[in-house]
Amino acid sequence: MSAHTPNELADVFPDDTDALHRLKLTDAHFARLAEQHHAVNREIHRVETGIEAAGDDRMEALKKERLHLLDEIAAMLEAAPDAV
């Protein structure tokens, strides 16, 4: 099994890796959103790979939460200035 967890922010936003890094360092709210996404995404990956068990309702809730976080992160990336 690969150690790579799919759907990490750098995978979802490959053209915005510099902005992701910059916002994590300079925007506390963005950093919290990124950390929440990481935690939810890892939990989804653990369920999908059979490491943890979860019912369909729990999995659906996790995926909805991840989507909501991605929407917020995408909006913040779009609004972020391009300059470093």
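Worth a mention:
- Being of a type outside the set (Val, Ile, Thr) and on the phi > 0 side of the Ramachandran plot is a condition met by no residue of the range 32-45.
- Any chance Asp82 is modelled with pLDDT under 95 and among the acidic types (Asp, Glu): yes
The values are calculated or read from the model by the stated rules, or taken from the named source; none is laboratory data. A quick note: this is a predicted structure, and the numbers were derived from the prediction, not measured.
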